[in-house]
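Input: a single structure, listed below in structure tokens.
The values are calculated or read from the model by the stated rules, or taken from the named source; none is laboratory data. These figures come from a predicted structure and were not determined experimentally. Cβ sites come from the backbone with ideal geometry, for glycine too, and all protein chains shown count toward neighbours. In case anyone asks, the SASA skips ligands and DNA or RNA and just uses the protein heavy atoms, side chains included. Shrake-Rupley method; radii C 1.70, N 1.55, O 1.52, S 1.80 Å.
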Amino acid sequence: MTLTPEAPATAAGSPVGRSVRRKDGDLILTGHGAYLDDIEFPGSVLHAALLRSPHPAARILRMDTSAAQARPGVRVVLTGAEAAAATQPIPHFYNPAMVGGRSTDFHPLAVDTVHYAGEPVAAVVAESLHEAQAALRDIVVDYETLPFVLDAEQALAPEAPRVFEGWEDNAVARLPFMEGDATAALAGAPHTLTGEISIQRYQTTPMETRGYVAAWSPDGRLTMHASTQNPHPLRSHLAQVFGIGEHQVRVVATRLGGGFGHKFHSYPEEALVALLARRAGAPVKWLESREESLLVGAREYLHRFEVGFDAEGTILALQDRILANVGALGSSGGWAQAFVAGLTVPGPYKITHYDVEVAVVATHKAPWNGARGFGKESATLMMERVVDLVAQRLRMDPAEVRRRNLIPADAMPYWTAMKHIDSGEYHAVLEEVLEAADYEGQRAEQTTARAHGRLLGIGIGFELAPEGADLAGSLVRGHDTATVRIDRTGGATVLTGVTSPGSGNETGIAQMVAAELGIGVDDVRVVQGDTDLCPYGYGNFSSRSLTVGGAAAVLAARDVRATLAQAGAHLLKTRVEDCSFADGHLIDTASGQRLPLPEVVNAVMTLGGVGLGIDESQLESTRTYSPENVHLVPDEAGRVSVYPSYAYSAHVATVEVDRETGKVTVLSYTGVHDCGTVINPMFVRGQFLGAIAMGIGGALWEESVYGADGRLRSDSLKRYLVPRAPDLPWIETRSRETPSPFALLGVKGGGESGVSGAIGAIANAVNDALLPLGVHVHEMPLSAPRVLRALTDQRIRP
């Protein structure tokens, strides 16, 4: 491991690296943390409800809203045609056309054709939510139902109904990722195996669903309070939709009860609520119901793979054909997860010949939006099953096959066709997780258990998590901006372009700034999410809040510190290089003299430019930080890399399968992760635990199920099963720090690590449990009915 680059001047007493309590934790724990629905707005706020299509594909022949408009309390009824006439098309979060794919325009409401069951077709605004919902029942819509397709493979058939009129077929894009000559390497490999594995459609189920409150002032300015992860890009899109200047739009991102990508912007409801407020002449609120929230899709991939390897377990070549069912596309950026699924292969493994193609396919399911893991979980699932299948074929231990294929530390930084991996000690982390899990002991216990007829399985998962995406040409960028100012009492305020999804990253930013200025974390106030106050930034996605938002704040704090040091040197008659900051004081390290920071600040404010001999009398700085390890222009080998940092983690799970019911019980779980320099160990552990829980949930229970009629069946938390505390074992975690040589402070993203590794580890553990029976399950989730079906098939097999 290398030393952390550019350590703060106050490293000895720095809050960086300590488990500092969350700044607003007491508010949240005591129920005083205000979320969108808790905010009291002045005046009367009206309520919106949406009428959604019951059909997955249909033409709207006629819509009669007269009865709804006549209802008491109803203020506005809006149709798709009216909404389209009053707005410009909704800009895409990330347009598939930017990578050579197909695209189309989307509007706040369906205009003449619906593309999935649940697509909004009309909206009602009333004085109460009950009145608005009641009025929906009075809207009469005549539909002409059309043929529809839900399966990605069927959607690619020549005779399949088209999701979007005018498209040649239903392929949104075909995305190749390759290096070397996989075809030749497979042909020459001593051993090959083929297979397929699918990961189901499922989502993130944040505790708080989405919501928006929009109001127009008399001067024509729009203010929107939104449960969104990206307030500035949302402001840009709203201005474009309404044809007004961005300065005429203010977006306030409220406290989020979970983001996870579900609250990325570019939903149709954002522009719709603003339009309804304009029509009503009053503030309008819309809150997403749980049923509406569960419509939002993510994942749903099919991998067909072939792998070539030698007798020692070295993987020589890999081919993977991925089908991604992204639903009816939409203006949100969820489809881009399919791009990341292909980009992530071959993960942490040194495979020089691989050929991956992702077919991004539109169907008549609801569109995807972002989801924690963002495609990496699908790539990891495939890779981790491939490694275990190689081990199974060669009768080797799965850990040993990983040892022989992981990228070595001395090869870092390591190039693939689409990734410049910054740093990592993969072998060391693998050995650490095996030791922490008592892997050898568990294998011995498994042998005893199998002798008694128990189906005990042990699975390893190793994930690579590219973080901090920079997609030039869009508003999904890798850089961000922060302002730091210090006041006369010695306290600091940070205005940042990144937002918090509810993770507490504002505390991490405060720790980083406090370390630079030598003040307490409680003396730093962090302001996020208000486009009128904060510099333009891209919000929260891809675990970027501390890697770029925190880094920008550090640069700005260093500017302020430099001015204070100049002033302090003059006041203490010492050298600038002898000035340090700690415990709220400026300290002359040569003489030991100390000045309270407020005295230095007041001297700058009252004497700056007169007698302090300082270059800058303004104790405020705005800085932008751009990660170094982004390569958007192809190098001489044609390689690019849109991710600057690469966190990773290794996992060991032990499960038992019930022979009679197929139920999977997770008996033990261990994970070791590396996200570079750790700012707050408590927060990192919390993120890792949450991600692992999400991964286990996706591996065993969570699934968005559609019926043959094209409607979502898992439309409540009684039908969409998320893990409860009793469903999970104690999760043992450890942390390793391999700082990124390309990042300020060596920080990597830590918000997504765990999801992918957990899915891989659980899938391998369940299949390891079934190994003595000669069966495997490669259709996720590994729910009791699905596992029982495999057990039953084994029993009746001749």
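Listed here are the residues, each with its yes/no results for (1) within 30 Å of Ser332 (Cβ to Cβ); (2) crowded, with 20+ Cβ neighbours inside 10 Å; (3) in contact with a His (Cβ under 8 Å, 6 or more places away or on another chain).
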| site | (1), (2), (3) |
| --- | --- |
| His452 | no, no, no |
| Leu455 | no, yes, no |
| Gly473 | yes, no, no |
| Thr481 | yes, yes, no |
| Ser500 | yes, yes, no |
| Ala514 | no, yes, no |
| Gln528 | yes, yes, no |
| Ser545 | yes, yes, no |
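In the same structural domain as Gly757 (by TED's automatic domain parsing) and either open to solvent by 10 Å² or more (accessible area, probe 1.4 Å) or in a strand (DSSP E or B) (or both): which single residue out of Arg278, Arg321 fits that description?
Sole residue among the options that is in the same structural domain as Gly757 (by TED's automatic domain parsing) and either open to solvent by 10 Å² or more (accessible area, probe 1.4 Å) or in a strand (DSSP E or B) (or both): Arg321.
Applying the selection to the range 296-318, what residues are surrounded by fewer than 24 Cβ atoms within 10 Å (Cβ to Cβ) and among the basic types (Lys, Arg)?
If the condition is that a residue be surrounded by fewer than 24 Cβ atoms within 10 Å (Cβ to Cβ) and among the basic types (Lys, Arg), then Arg304 is the only one that fits.
Of all residues in the range 64-77, count the ones that are surrounded by fewer than 18 Cβ atoms within 10 Å (Cβ to Cβ) and either within 30 Å of Lys365 (Cβ to Cβ) or not assigned by TED's automatic domain parsing to the domain that holds Val284 (or both).
Qualifying residue count, the range 64-77: 1.
Which of the residues belonging to the range 722-776 are aliphatic (A, V, I, L, M) and free of Cβ contacts under 8 Å to residues at least 24 places away in the same chain?
Across the range 722-776, the qualifying residues are Ala725, Val775.
Out of Asp635, Asp709, report the one residue that is surrounded by fewer than 18 Cβ atoms within 10 Å (Cβ to Cβ) and in contact (Cβ under 8 Å) with a residue 24 or more places away in the chain.
Asp709
Where in the range 163-252 are there strands (runs of 3 or more DSSP E), lying wholly inside it, with at least 3 residues that are over 23 Å from Ala48 (Cβ atoms)?
By residue number, 171-179, 191-201.
Taking only the range 655-702 into account, find how many residues are in contact with a strand residue (DSSP E or B) (Cβ under 6 Å, 6 or more places away or on another chain), among the acidic types (Asp, Glu) and open to solvent by less than 30 Å² (accessible area, probe 1.4 Å).
Count: 1.
Among the listed residues Ala189, Ala155, Ala171, which satisfies the condition of being more than 30 Å from Arg71 (Cα to Cα), of a type outside the set (Phe, Trp, Tyr), surrounded by 16 or more Cβ atoms within 10 Å (Cβ to Cβ) and touching a Ser or Thr at 6+ places or on another chain (Cβ under 9 Å)?
Step by step, each of Ala189, Ala155, Ala171 is checked, and only Ala155 is more than 30 Å from Arg71 (Cα to Cα), of a type outside the set (Phe, Trp, Tyr), surrounded by 16 or more Cβ atoms within 10 Å (Cβ to Cβ) and touching a Ser or Thr at 6+ places or on another chain (Cβ under 9 Å).
Filter the range 600-620 down to residues that are surrounded by fewer than 22 Cβ atoms within 10 Å (Cβ to Cβ) and not in a loop (DSSP other than H, G, I, E, B) and give me whichever is nearest to the chain's Cα centre (by Cα).
Glu620
What is the residue count in the range 739-759 for residues that are touching a Cys at 6+ places or on another chain (Cβ under 9 Å) and of a type in the set (S, T, N, Q)?
1
Answer with yes or no whether Phe148 is under 30 Å from Thr104 (Cβ atoms), in a strand (DSSP E or B) and in contact with a Phe, Trp or Tyr (Cβ under 9 Å, 6 or more places away or on another chain).
no
Does Leu782 satisfy being part of a helix (DSSP H, G or I), open to solvent by less than 30 Å² (accessible area, probe 1.4 Å) and aliphatic (A, V, I, L, M)?
Spelling it out, it is not the case that Leu782 is part of a helix (DSSP H, G or I), open to solvent by less than 30 Å² (accessible area, probe 1.4 Å) and aliphatic (A, V, I, L, M).
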